[in-house]
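A.B. asks: Take a look at this one; I'll ask things after.
The values are calculated or read from the model by the stated rules, or taken from the named source; none is laboratory data. Because the structure is predicted, anything quoted here is derived from the model rather than measured. Neighbour counts run over all protein chains shown; Cβ positions are idealised from the backbone, glycine included. Keep in mind that these areas ignore ligands, DNA and RNA; they rest on the heavy atoms of the full protein, side chains included. Shrake-Rupley method; radii C 1.70, N 1.55, O 1.52, S 1.80 Å.
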Amino acid sequence: MPFEVELLGMHLTKENLKKIISESGLVSDEDLRVAENESFRSGQTLTDVLIGRGALSEQLLVESLSDFFKVPIVQLEKRRIDRAVLELVPESYAKSKEVVLFEIDENLREGSLAMADPNNFEVINHLSLMLDLRRFNVYLTTASSLKFALKFYKQEISEEFSKIIEENIQATRGFGGTASVGKLAESIPIIKILDSVIEHAASLGASDIHFEPFEDKLLVRYRLDGILEEILSLSKEIAPILVARIKVIANLQIDVHNAPQDGRFRHSLENQFIDIRVSVVPTFHGEKAEMRLLKGSLRPLSLSELGLSHSDLEKLTQAIKKPHGLILVTGPTGSGKTTTLYAILEILNTPRVNITTIEDPVEYEIPRVNQIQVNVKTGLTFASGLRTIVRQNPDIVMIGEIRDPESADIAINAALTGHLLLSTLHTNDAPGAVSRLIDLNVQPFLLASTLNMVIAQRLVRRLCKICVSSRTLDPKDQNTLEKQVKELGLNSEIIPKMVYAAKGCSACSFAGYQGQVGIFEIFNLSDAIRDLIMENASTQAIRKKAREEGMRTLFENGMEKVTAGFTSLEEVLRVASE
């Protein structure tokens, strides 16, 4: 039964929220106290910290608020939302006030509102006057549900931009050459187009935007949940002025067209900002621009949010408690290595330690952490930066990547001299990090003394929670898995009897997937493995010993995620079957 405005009571303040959570019994007093301190220290909301630490789920929180305020819950993912109704409330207002108008009855002059705070009288009264409605039915919803609905504001940007561009191109026909480009630059609202593309990509959770010139068009693609998706196809004639605009804001040389250039800029987006890393390269049909979106004002994810199991989390927690040594995260580009390092830093970041990082780029700003950006032009590389850092009396050091013998040597020496050092490395699996470091001229006896743990990881797409369903494993998949398990030398018991799939719905844009989750291989160095390293044993021998001691491979952890319904069998085979 919908809830009318007249019945609304107490406003949802920070103190009210704390009281509701405390009285719900869902969070212990100790967890609440720790989260409150973390909230004060980091500037995050109390609920963000609790959810991020895994102490409280978003669904349980909204259910507690619903009971307290006697307001029904709405899942916007399951509602068919008319864009004409949605856009009666301006996008900027809807986002800033965390409100979505999802239904309206013009005959009764009634509307239905989904809100993060159902007792926000100011918003309700303002919308009532603005839309000339007699009353609202108010519903409570989760932050993720609101985010889902808000992304519909920019669904039709392709059609909108194409129309604007074509109108202006027609108006400038006949000028030719440079004059034509100049006239287009003056007539087409290129700033608005680029800003809208960035904000649209951010609203969909894209990690990258690609502007790709071809003979007859400019293709715009986003990387969503690790997969490239075609979003826009624009007139080829806009390409040079779009790239010129990108160069201007990224502080690149506008008149250089035959050499690669790298830069970055910051884009403001309501109450947050996005750091954007830019790469421009010359191609056969013009310059291609790639933009990596780094949401610097958002909180880093916690280890449990990333997908670490309870047992793996315990192993990692024990490893990072050690006062010195080396912890590495390995995997290919885009596998979430840096995100994992940030999650570890969030745990280690206390007033009693000095943490310094050197990164390329700085993806999140962390309070009380000294973060250094690599700058090759000034000679500030990972190696030179690390050499300087160790003179700054740090307790914990994070280096974005060990990529050459020099940075490997300095990292090992830092770990030997009383520092806890975190870094990434490019290897296919966790035990492979040993041979990779030896290839970088690290002596086996030094490696055995300093290396504490290696985490290998991949990212798989997470199945949509709204349209997911289970099915029995069919004979074809059974045969594929049996062959895979045999080739990897694993136990056939890991093959799941039931698997999950998602048919696609409006909540996941009919992709069947929404978000990503990690699969991990935790390689903990025991005394026996250190002895093998000292003996210069092969990677195969080290891997065999690690598995005897309980290490689960990426494929095994992937099968656990399939069995639990987090992801599909196809996703694990795609990223972890090599």
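A.B. asks: Past 23 Å, Cα to Cα, is the threshold; run 18/315; 315/486; 476/545; 151/503; 14/465 against it and keep the listed order.
C.D. replies: In this structure, 18/315; 315/486; 476/545; 14/465 exceed 23 Å between Cα atoms.
A.B. asks: Just to confirm my numbers, what's the Cα centroid distance between region 20-94 and region 495-521 in Å?
C.D. replies: With region 20-94 and region 495-521 each reduced to a Cα centre, they are spaced 24 Å.
A.B. asks: Report relative contact order for the chain in percent, whole number only (criteria: Cα-Cα under 8 Å, sequence separation at least 6). Mind showing how you got there, number by number?
C.D. replies: Details: 990 pairs, mean separation 55.5, N = 578.
Across the chain, relative contact order equals 10 percent.
A.B. asks: Identify the chymotrypsin sites (Phe, Trp or Tyr not before Pro) of region 477-536 meeting these criteria: DSSP loop state and at most 14 other C-beta atoms within 10 Å of the C-beta. The partial results should precede the final answer.
C.D. replies: Values: sites: 500, 510, 513, 520, 523; in loops: 510.
In loop regions of region 477-536 (DSSP not H, G, I, E or B), the sparsely surrounded chymotrypsin sites (Phe, Trp or Tyr not before Pro) are 510.
A.B. asks: Counting only residues 5 or more places away or on other chains, whose amide H sits under 5 Å from the amide H of residue 371 once H atoms are built in the peptide plane?
C.D. replies: Here the answer is 357, since their amide H atoms fall under 5 Å of that of residue 371.
A.B. asks: Further, regarding this structure: Largest first, what is the accessible-area ranking of 391, 134 with a 1.4 Å probe? Walk me through the numbers on the way to the answer.
C.D. replies: Values: 391 170, 134 140 Å².
If we order 391, 134 from most to least accessible, we get 391, 134.
A.B. asks: I would also like to ask the following. So if I take the centroid of the Cα atoms in region 306-334 and the same for region 222-238, what is the distance between those two points in Å?
C.D. replies: What the calculation gives is 35 Å, centre to centre.
A.B. asks: Please give the charge dipole size of the chain, origin at the Cα centre, charges +1 on K and R Cβ atoms and -1 on D and E Cβ atoms. Round to the nearest 20 debye. Kindly include the intermediate steps, with their values, before the conclusion.
C.D. replies: Values: 65 positive and 78 negative charges, 118 e Å.
In debye, rounded to 20, the chain gives about 560.
A.B. asks: Compute, for region 507-578, the length of the dipole vector about the Cα centre, with Cβ point charges of +1 (Lys, Arg) and -1 (Asp, Glu) only. Units Debye, rounded to 20.
C.D. replies: Numbers: 8 positive and 11 negative charges, 13 e Å.
For region 507-578, the charge dipole is close to 60 debye.
A.B. asks: Going by average Cβ density within 10 Å per residue, which order do the peptides 273-283, 86-96, 240-250 take, highest to lowest?
C.D. replies: The most tightly packed comes first, giving 240-250, 273-283, 86-96.
A.B. asks: Also, I was wondering about something else. Ranked highest first by average number of other Cβ atoms within 10 Å, how do 370-376, 433-439 line up?
C.D. replies: Answer by packing, highest mean first, reads 433-439, 370-376.
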